[in-house]
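Below is one structure; the comments refer to it alone.
The values are calculated or read from the model by the stated rules, or taken from the named source; none is laboratory data. This one's a predicted model, so the numbers in the text were calculated from it and none came from an experiment. Cβ: placed from backbone, ideal geometry, glycine included. Neighbour counts: every protein chain shown. All accessible areas refer to the heavy atoms of the entire protein, side chains included, with ligands and DNA or RNA removed. Shrake-Rupley method; radii C 1.70, N 1.55, O 1.52, S 1.80 Å.
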Amino acid sequence: MKTDNDIKLRTDRVWLSPERCWIDDIAALTVRQTDAADYPFATEIQAQVPIYDGAPVRAALAGDGRAALMAEWAEAFLSGPGIVVLRGIFADHAPLDAASDVFWQIIADEKAAQTGGGDHFAKPGANDRVWNALEKLCLRAPAVFAAYYGNPILAAVAEAWLGPAYQVTSQVNVVNPGGEAQSAHRDYHLGFQAASDAAKFPAHVHRLSPALTLQGAVAHCDMPLATGPTLYLPYSQLYEPGYLAFNQPEFRAFFAEHHVQLPLAKGDGAFLNPALFHAAGHNRTTDVRRMANLLQVSSAFGRAMESVDRVRMSAALYPALADSGLSAREVACAVAACAEGYSFPTNLDRDPPLGGLVPQTQQALILLALAEGWPAERFAAALAAQAEKRLT
Ligand SMILES: [Fe+2]
């Protein structure tokens, strides 16, 4: 009898089921209150969410507080409310405004050419999307890319959750006036599967999936509540079977009743564990096209959602970095957002480890070329040769 019971308990522990998702369980987790004492770097707590001001964050990251602040963020994502708001990510709005100009041009060009744009969570016309905005920005305006992503705060929050060699992707989302709210969801990876498919992955993969991605949104305009900034359910990332539950009517109703919503100013960002229940809000204005740059940052060990041609990007970015006026730290941040930081997959016949355990990465190559002042043509040739070696 006991054996049967143990077998059943183990089976249920490893194979989560949409039929065993209970509101009481998520309610018990999300009733938690955030204690400001747990987040000493935060300026304040609003609606259970730690809010950080840019200036002290920049000072901490540049000095002795770097490891402690990144540890605070990591635990906020893992076992805390699952989300932090970073105010004033850009000390100066010029890179943000320049990027916005490029994004609006891309939207206009893609509309004219009738390329781009469908959306998985919204009706046609309710919003404008720029997929793979990372590569498009880099190729159109590499100097703008360098200034935008040469940002120590963006780099640090990604590294705090994912470690080094993370892979940035970005999608611009513009919610137009009247654009309706999204339905509550979790994000990539398991958030992009039907519950019946997600249920085929064992429970430890449900716990692992969020560690492979950091989700973020950088506000490119002021986002008062009327514009519909994102709705969140703090602590909901802790609910283990949440990927199987978020579409169920009772869980949608629970989200509708208990979510929080935080206004953002231009240049603020919200960063979240992708397992946090969330949904873009309803834009009730008649005149604000609410633009956010959605950052989906993948672990070096994960598979990103979008294909990105990092060889082409690196070739475009290199000349812009060489005379960007950025500090070495800022250059490293821009390179981290652009170039591949991980050695694998590769072809080990042609790309054996050089003087270490791993073959040279794209990031290492670009930093070496910058340090030695290679001409752009020499760098481009080395980059192409390195990419070629990785092929079978
Ligand atoms: Fe989302």
Which one, Y235, A280, L139, projects farthest toward the positive side of the charge dipole computed for the chain from Cβ point charges (K/R +1, D/E -1)? L139
Using +1 on the beta carbon of Lys and Arg, -1 on that of Asp and Glu, and nothing else charged, what's the dipole of region 28-298 about the Cα centre, debye to 20? 420
Could you give P(r) for region 241-346, binned at 5 Å from zero, as whole percent values over all Cα-Cα pairs? 2, 7, 13, 15, 15, 15, 12, 9, 7, 3, 1, 0
At 0.36 nm per residue, and after removing the present C-alpha to C-alpha distance, how many nm does the segment from L368 to K111 gain when stretched out fully? 88.5 nm
The chain - accessible surface per residue (Å², probe 1.4 Å): 44
Using the scaling law 2.2 N^0.38 Å as the reference, what is the normalised Cα Rg of region 152-192? 1.59
Rounded to the nearest Å, what's the spacing between the alpha carbon centres of region 200-258 and region 146-185? Just the number, please. 15
Could you give P(r) for region 310-389, binned at 10 Å from zero, as whole percent values over all Cα-Cα pairs? 18, 54, 25, 3
With Rg from the Cα atoms and Rh as the Kirkwood inverse mean 1/r over Cα pairs, the chain has an Rg/Rh of 0.98
